[in-house]
1. Please determine whether any residue of segment 100-113 is touching a residue at least 24 places away in the same chain (Cβ under 8 Å), within 23 Å of residue 168 (Cβ to Cβ) and among the polar types (S, T, N, Q).
2. Going through 170, 198 one at a time, which residue ends up being in contact (Cβ under 8 Å) with a residue 12 or more places away in the chain and closer than 28 Å to residue 75 by Cα?
3. Does residue 146 meet the test of being out of contact with any Gly (no Cβ under 7 Å at 6 or more places or on another chain), within 13 Å of residue 95 (Cβ to Cβ) and either at pLDDT 95 or above or in a helix (DSSP H, G or I) (or both)?
4. Can you give me the number of residues within segment 174-215 that are under 21 Å from the mean Cα position of the chain (by Cα) and not in a helix (DSSP H, G or I)?
5. If residue 130 satisfies all but one of (1) free of Cβ contacts under 8 Å to residues at least 40 places away in the same chain; (2) crowded, with 21+ Cβ neighbours inside 10 Å, what's the number of the condition it fails?
6. Could you check segment 61-115 and list, in sequence order, the residues that are within 15 Å of the chain's Cα centre (by Cα) and not in a helix (DSSP H, G or I)?
7. Looking at 154, 134 in this structure, which one is touching a helix residue (DSSP H, G or I) at 6+ places or on another chain (Cβ under 6 Å), basic (Lys, Arg) and within 15 Å of residue 98 (Cβ to Cβ)?
Amino acid sequence: MTLSARYTQLTVALAVGAAAFVAPVFAQVAPQPPAVQEKQPEGRPLEKMPQTADEKAKVLNDLYAHLATANDEQSAKSVADTIERLWLQSGSETINLLMERAGIALKAKNADLALRLLDYVVELAPDYAEGFNRRAYVHFSQNNLESAVGDLRRTLALEPNHFKALDGLGQIWREHGNKKGALRVIKQLLEIYPNWPGAQQAAEELTREVEGQGI
């Protein structure tokens with residue numbers, strides 16, 4: 001079956017199956033589209049969400065600049081929340097539905113179903129960074145570290161400022177002995193998100209651990 005045919009078949013199946021979910025549960029676990037009144041770091045609501053890839057890139061660049069210069073963790077978190085909602089913006093109703101159903105599957109501790117849904121996401125939307133990031137989490141939960149690292153690297157290739165992917169990659173490498181690699185990643189994270197909780201301490205500890213090893 002061709003990819004186009006699979007896409008059509010999947011769209012029809014999802015449209016029929018979506019009604020089976022109870023609305024309150026769906027709302028609790030599904031990634032929601034960015035709200036029109038999402039707050040910018042200076043406290044003003046966004047007048048509208050970006051409608052094109054170029055508009056989205058411009059808004060994200062502005063937000064990354066605010067994130068790098070935020071005065072404290074609370075203000076940085078406000079900016080980061082808006083960035084994460086923009087990351088979720090796929091521009092495709094089918095991808096949005098797949099992501100929502102993957103979230104429901106994870107909430108129900110059905111990692112195998114979540115993985116199958118996310119496999120569809122990355123197949124149908126290979127330039128959608130958040131699909132790889134979410135799949136990396138599922139691989140990690142199944143202790144498939146090689147696949148998790150591969151998906152995190154793909155996420156960062158598509159979105160180099162993805163601070164959650166950097167944090168995840170740093171944690172995996174640190175826990176499994178790649179201290180130099182972990183330190184490089186944590187330093188990247190600090191450049192993008194200086195107020196990321198625990199990152200400065202992790203960088204200091206890793207620096208001591210690899211000191212004298214030719215960083």
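1. no
2. On inspection, the qualifying residue turns out to be 170.
3. Here the answer is no, as residue 146 does not meet what is asked.
4. Within segment 174-215, residues that are under 21 Å from the mean Cα position of the chain (by Cα) and not in a helix (DSSP H, G or I) number 6.
5. (1)
6. Once the filter is applied, which keeps residues that are within 15 Å of the chain's Cα centre (by Cα) and not in a helix (DSSP H, G or I), segment 61-115 yields 89, 90.
7. Step by step, each of 154, 134 is checked, and only 134 is touching a helix residue (DSSP H, G or I) at 6+ places or on another chain (Cβ under 6 Å), basic (Lys, Arg) and within 15 Å of residue 98 (Cβ to Cβ).
Yes/no matrix, rows are residues, columns are (1) at pLDDT 95 or above; (2) under 26 Å from residue 105 (Cβ atoms); (3) aromatic (Phe, Trp, Tyr); (4) surrounded by fewer than 18 Cβ atoms within 10 Å (Cβ to Cβ):
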{"site": "151", "(1), (2), (3), (4)": "yes, yes, no, no"}
{"site": "160", "(1), (2), (3), (4)": "yes, no, no, yes"}
{"site": "171", "(1), (2), (3), (4)": "yes, yes, no, yes"}
{"site": "177", "(1), (2), (3), (4)": "no, no, no, yes"}
{"site": "182", "(1), (2), (3), (4)": "yes, no, no, no"}
{"site": "211", "(1), (2), (3), (4)": "no, no, no, yes"}
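The values are calculated or read from the model by the stated rules, or taken from the named source; none is laboratory data. Predicted, not measured: the structure shown is a model, and the values here were computed from it. Please note: Cβ atoms are built from the backbone with ideal geometry, for glycine as well, and neighbour counts cover all protein chains shown.
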